[in-house]
1. Quick one: is residue A:37 touching a residue at least 24 places away in the same chain (Cβ under 8 Å), closer than 24 Å to residue B:185 by Cα and more than 21 Å from the chain's Cα centre (by Cα)?
2. Quick one: which of A:101, A:92 is loosely packed, with under 15 Cβ neighbours inside 10 Å, free of Cβ contacts under 8 Å to residues at least 40 places away in the same chain and assigned to a helix (DSSP H, G or I)?
3. Going by what's in this entry, would residue A:159 be described as crowded, with 16+ Cβ neighbours inside 10 Å, out of contact with any strand residue (DSSP E or B) (no Cβ under 9 Å at 6 or more places or on another chain) and part of a loop (DSSP other than H, G, I, E, B)?
4. Out of the stretch B:199-218, which residues are surrounded by fewer than 20 Cβ atoms within 10 Å (Cβ to Cβ) and touching a residue at least 24 places away in the same chain (Cβ under 8 Å)?
5. Please work out which one of (1) within 25 Å of residue B:110 (Cβ to Cβ); (2) within 14 Å of the chain's Cα centre (by Cα) is the condition residue B:259 fails and give its number.
6. Of the conditions (1) at pLDDT 90 or above; (2) within 18 Å of residue A:167 (Cβ to Cβ), residue A:102 satisfies every one except a single condition; which number is it?
7. Pick out, from the stretch B:65-105, the helices (runs of 4 or more DSSP H) lying fully within it that include 1 or more residues that are within 13 Å of residue B:231 (Cα to Cα).
8. Does the stretch A:201-216 include one or more residues that are away from every other protein chain (no Cβ under 14 Å), free of Cβ contacts under 8 Å to residues at least 12 places away in the same chain, surrounded by 15 or more Cβ atoms within 10 Å (Cβ to Cβ) and out of contact with any helix residue (DSSP H, G or I) (no Cβ under 7 Å at 6 or more places or on another chain)?
């Protein structure tokens, strides 16, 4: 418990420090937020373009689709805020030797790698998603209040799932010399979770619910709010999946670090 | 005349060749890339399948039948794997890191050099990327063949123009992006916006009328919508000629814009003593 409190305080300090540095150049930060928002708006317009014209998709109405897509931006936005160091971990930390510095400090190395820098502008995705959900809720007759109340927490679990999956892929660079990695195709799998899982074949559903559990990050969390009884067991399994993948991720990082030999630079 | 043209083109061929060889060193990246493109096309296969399913057997959406739409998606992603380049990131990082000085001392035209590198990369992608992705998509999904040999020829020509167009656009984007400190953020936004405006995700026929009227006067649709319609035979004869003409005109116009931006940027760099 003490360790958790210590890390939470440290996270707050890391974040505040980074935000201060970033906000020192206000106009530039504003430009970054604007660019990020334009990207989100472009992806979202595809959904709006298609589903406002054809308001039913495999039994889902237009506001429900907007709800799903809007929700998917919450865990995705949170993930984007903290994941920037995972992408070039192998290059920045292992090859350039920054990892030695990390190991010298009495704080979890994975914690440091994740929180050394943030992509602050991705918080706009969280805000955009929240606005979309708000719009959808105003159009939907009976959204479960409990389901809505739990959404933020489930979004955090979703972000934990994303971070853990990409953390696992990143940890592979402790073993594999060729640093290409499977991250890009897996990253693209995230977009599958933005649409109702009922449009996919069994093999895709299985993939998204097991090995790469993205359906637990962005589709199943909406089941309670949207009153989709058939997915409720999966909804309640979301925290378990998040914890399981997080533990797996931490364990793999431990083993990777045990194996790590410095480049000596 | 021809001899002079050929000898002045020689250094650029060398750049294209070096670029080709450089990528050869990162082959594994391309095998992973094939999966990425396959997943992207796949998610759209399912979305369109569900939408067409709602409308019933044999329905058309925006003038497309389901097999046509699927073909549009497959030819579109295959083409993206060909025209994709990182000219923008490259030029921006050269300016940022001061490596541009090394480029400036070479007795060549920077824009022509950058574009030949991009085309060299595209030649590589065609062989190890576009063709395997195309084959994979044809094997897995019921993709339609081009409606005629002429349609195939026009698609290929248009695809080549797309690569030039994207190179010209990215050169401009890179020069604009260096004016911010979050270059990567700007470039990431560019990808998402262009995926929408190029017609890669949704054909222009699905946009609302007022938006469509604006889009046809912009260059972006020529990245995907134009070649896609040529393959499917949705643009033939005079319509096809007009589309290709516009596409070529945009290439020329954006290359000219790139030169202007380059001149403005190069002047600033010299002032800084770079």
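1. Working: touching a residue at least 24 places away in the same chain (Cβ under 8 Å): yes; closer than 24 Å to residue B:185 by Cα: yes; more than 21 Å from the chain's Cα centre (by Cα): no.
Judged against the criteria, residue A:37 is not a match.
2. Numbers: A:92 fails: loosely packed, with under 15 Cβ neighbours inside 10 Å.
Among A:101, A:92, only A:101 is loosely packed, with under 15 Cβ neighbours inside 10 Å, free of Cβ contacts under 8 Å to residues at least 40 places away in the same chain and assigned to a helix (DSSP H, G or I).
3. Values: crowded, with 16+ Cβ neighbours inside 10 Å: yes; out of contact with any strand residue (DSSP E or B) (no Cβ under 9 Å at 6 or more places or on another chain): yes; part of a loop (DSSP other than H, G, I, E, B): no.
Taking the combined requirement at face value, the residue does not satisfy it.
4. Passing the criteria: B:205, B:206.
5. Exception for residue B:259: condition (2).
6. With respect to (1) at pLDDT 90 or above; (2) within 18 Å of residue A:167 (Cβ to Cβ), residue A:102 is out only on (1).
7. Working: elements: B:66-83, B:87-97, B:100-104.
Those helices (runs of 4 or more DSSP H) span B:66-83.
8. no
The values are calculated or read from the model by the stated rules, or taken from the named source; none is laboratory data. As the structure is a computational prediction, the values presented were derived from the model and not from experiment. No Cβ is skipped: glycine too gets one built from the backbone with ideal geometry, and neighbour counts run over all protein chains shown.
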